[in-house]
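FYI, it's all coordinate maths here, none of it is from the lab. From a predicted model like this one, the values you see are computed outputs, not experimental measurements. Positions of Cβ are backbone-derived with ideal geometry, glycine not excepted, and every protein chain shown enters the neighbour counts.
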Amino acid sequence: MATPTAVPGPVLAVSAHAADFVWRAGGALALSASRGRQVHVLCLTFGEKGESQGLWRQPEMTLDRVKEVRREEASRAAKVLGADVEFLDVGDYPLRPTDALYDSVTATIRRLNPAVILTHPRVDPYNFDHALTHEIVLRARMVAQAAGHDPTSRPIGAPQVLQFEPHQPEQCGFVPNLLLDITAVFDRKAEAMRIMGAQSHLVAYYTDLATRRGVQAVRNGGSRSITHAEAFQRVFPTVGGELR
Ligand SMILES: [Zn+2]
């Protein structure tokens, strides 16, 4: 009898705003969920001020209404991808690095004990909320590893941190070293993207990007069957027992 393959540990995506996880990592999340992994999305804000252009064009819009719509959209998108979602609602543009925010992210990391964390790249001169989210995640990961932090929960191991692709990668120094084949789940990502109506102008852009990354995946030795991919850049080295 074949030994059942162990399902790898949980995947945590930390998204500065309510839709970032959909555009930049929706395929990775759907792929992980389709293989039985627990997938959790932590949205620090709803992107209510800075990333809800479509809603602010509507008459008599209010901040509370924008948040409500973004919560509803992001929750539906996460469900399509097979992920749980949690919102901290700490306010965007600008995101502010409070002690409470650091503590909340640390608590989520401790509770979930992820095998891998996906988040924004370290540098983004267009979007300091994104760069700050990267720093918050790395700091929270460090604290979550500390043996002396919060005796009511257990220290985590050493989850890889994968930076997902920013909107303008060259200006962010983003150099991918993982092209993830998301061909099998691209229909899920496309459906999730269409749900994010407040930023509908991005759907075509991120569909084209996935196609280009898919072509590059094949050129880098991937299967010829790959039609769509997402790019990631690791923060930490991978560990192995073979040269490859
Ligand atoms: Zn964002």
What tally of residues in region 18-34 results from selecting those that are free of Cβ contacts under 8 Å to residues at least 60 places away in the same chain and either within 14 Å of the ligand (Cβ to nearest atom) or of a type outside the set (A, V, I, L, M, F, W, C) (or both)?
1
Out of contact with any Lys or Arg (no Cβ under 8 Å at 6 or more places or on another chain), assigned to a strand (DSSP E or B) and under 26 Å from Val123 (Cβ atoms): does that describe Phe236?
no
I'd like the residue in region 39-90 that is among the polar types (S, T, N, Q) and surrounded by fewer than 16 Cβ atoms within 10 Å (Cβ to Cβ) and, out of all such residues, is nearest to the ligand (Cβ to nearest atom).
Gln53
Tell me, please, whether a residue that is within 25 Å of Val22 (Cβ to Cβ), without any contact (Cβ under 8 Å) to a residue 24 or more places away in the chain and of a type in the set (D, E, K, R) can be found in region 117-139.
no
Could you please find all residues in region 80-102 being of a type in the set (Ser, Thr, Tyr) and part of a loop (DSSP other than H, G, I, E, B)?
Tyr93, Thr98
Filter result for the condition that a residue is touching a Pro at 6+ places or on another chain (Cβ under 9 Å) and over 22 Å from Thr133 (Cβ atoms), over Arg35, Arg24, Arg65
Arg35
Looking only at region 144-163, filter to residues that are among the small types (Gly, Ala, Ser) and under 21 Å from His134 (Cβ atoms); which one of those is surrounded by the most Cβ atoms within 10 Å (Cβ to Cβ)?
Ala144
For region 216-233, which residues satisfy the criterion of being part of a helix (DSSP H, G or I) and loosely packed, with under 14 Cβ neighbours inside 10 Å?
Arg219
For Ser153, all conditions in the list (1) closer than 15 Å to Gly26 by Cα; (2) of a type in the set (S, T, N, Q); (3) assigned to a loop (DSSP other than H, G, I, E, B) hold save one; what is the number of the exception?
(1)
Please indicate, with yes or no, whether at least one residue in region 102-111 is touching a helix residue (DSSP H, G or I) at 6+ places or on another chain (Cβ under 6 Å), of a type in the set (Lys, Arg) and closer than 30 Å to Arg213 by Cα.
no
Answer residue from region 121-160, given it is under 16 Å from the mean Cα position of the chain (by Cα) and either basic (Lys, Arg) or over 30 Å from Gln171 (Cα atoms) (or both) and is nearest to the ligand (Cβ to nearest atom) among those:
Arg122
